[in-house]
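*Asks:* Pasting in a structure now, in structure tokens, and then I'll have a few things to ask.
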């Protein structure tokens with residue numbers, strides 16, 4: 001078996017890891033084995049953070065307007081999606097800090113940094129459609145980030161994968177709402 | 001289907017315009033406190049971070065109340081921060 005051949009090599013690697021771990025403990029989670037381009041990862045996460053915050057704001061507005069229109073099914077979906085986007089924003093911000101970056105919450109540049117747009121929306125149909133489009137943009141931009149990260153930063157990749165799964169659910173919910181007479185009343 | 005034209009958001013109503021301005025300020029404060037929370041946490045200043053988080057949650061609750069009131073008065077709450085920054089010149093540039 002190959003394991004017998006690899007065992008000595010593996011233990012040598014562990015020894016090297018033990019030595020490297022002592023060299024810069026102040027770097028925290030950024031160890032010698034972190035092979036991703038940290039600047040690039042931070043830039044991607046910055047875009048993802050802005051995207052989640054803009055989606056949160058859009059959903060929030062749409063929740064209130066749908067409530068005013070007594071479109072309760074859509075209003076409830078918008079509120080739930082808004083809360084989930086805000087949780088994603090927090091998770092991404094935590095990861096940015098772990099990677100030694102600073103999460104940027106500056107409101108005046110949020111929309112410019114976001115992958116998806118803020119569309120105010122005038123009718124329920126338009127609001128559902130715009131949220132769906134934004135989710136679809138987020139889905140594909142997260143797939144791109146996942147491919148970029150590959151094996152270089154599995155923790156960030158896992159985070160984005162988990163967020164992607166929720167965004168796919170959102171898109172599915174909205175597509176259902178678009179078809180349903182209940183959604184658009 | 002009913003629609004709400006953007007012009008109906010405040011419709012020139014000074015109360016709605018004021019409430020929307022206040023809403024924008026609360027959201028901007030929420031974001032600033034959130035940023036400060038993460039910065040303080042990273043510095044290991046746990047109790048300071050906790051204070052910022054509480055402030056952020058209070059701003060969040062206040063934004064919620066303002067938006068609900070705007071809807072009750074027949075307006076549309078404005079969550080577009082960039083437009084708000086342009087319109088009212090609110091100093092939103094954040095400093096750590």
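*Asks:* How big is D for the protein assembly as shown, in µm² s⁻¹ as a whole number, if Stokes-Einstein is applied with the Kirkwood radius of its Cα pairs at 25 °C and 0.890 mPa s?
*Replies:* Estimated via Stokes-Einstein, D reaches 120 µm²/s.
*Asks:* What average count of beta carbons from other chains do you get within 10 Å of the Cβ of residues in A:75-87? Intermediate results must be reported in sequence, preceding the final value.
*Replies:* Details: counts 0, 0, 0, 0, 0, 0, 0, 1, 0, 0, 0, 3, 0.
Rounded to a whole number, the mean comes out at 0.
*Asks:* Report the far tail of the P(r) of the range A:36-184, meaning the percent of Cα-Cα pairs longer than 25 Å.
*Replies:* 27 percent
*Asks:* At residue B:13 and residue A:147, where each label point lies 7 Å from the Cα along Cα→Cβ, what is the point-to-point distance in nanometres?
*Replies:* 4.8 nm
*Asks:* Express the relative contact order of the range B:14-88 as a whole percentage, based on alpha carbon pairs under 8 Å and six or more residues apart in sequence.
*Replies:* So the answer I get is 43 percent.
*Asks:* Still on this structure: Provide the three semi-axes, in whole Å and in decreasing order, of the ellipsoid equivalent to the range B:14-88 as defined by the square roots of 5 times the Cα gyration tensor eigenvalues.
*Replies:* Ellipsoid semi-axes (Å, largest first): 28, 13, 7.
*Asks:* I would also like to ask the following. By how many degrees, between 0 and 90 and to the nearest 10, does the Cα long axis of helix A:154-179 differ from the longest principal axis of chain A?
*Replies:* 20 degrees
*Asks:* Cα atoms only, the range A:99-185: Rg and Dmax in Å?
*Replies:* Expressed in Å, the Cα Rg and Dmax of the range A:99-185 come to 15.5, 48.
*Asks:* Then there is this: Where does helix A:72-98 land angle-wise versus the long Cα axis of chain A, in degrees 0 to 90, nearest 10?
*Replies:* 20 degrees
*Asks:* Something else about it: Rg and Dmax of the range A:22-80, Cα atoms, in Å?
*Replies:* Rg then Dmax for the range A:22-80, in Å: 19.8, 61.
*Asks:* Which whole number gives the average, over all residues in B:63-69, of C-beta atoms from other chains lying within 10 Å of the residue C-beta?
*Replies:* Mean partner-chain Cβ count within 10 Å for B:63-69: 2.
*Asks:* Of A:39, A:143, A:113, how do they rank once you tally other Cβ atoms within 10 Å and put the fewest first?
*Replies:* A:39, A:143, A:113
*Asks:* Across the residues of A:66-74, average count of Cβ atoms on other protein chains within 10 Å?
*Replies:* Per residue, the number of nearby Cβ atoms from other chains is 3 on average.
Taken together, the values in this text are just the output of simple stated rules run on the coordinates, not laboratory data. Just so it is clear, the model here is predicted, and its values are computed rather than measured. Quick reminder, even Gly has a Cβ in these numbers, built from the backbone with ideal geometry, and neighbours come from all protein chains shown.
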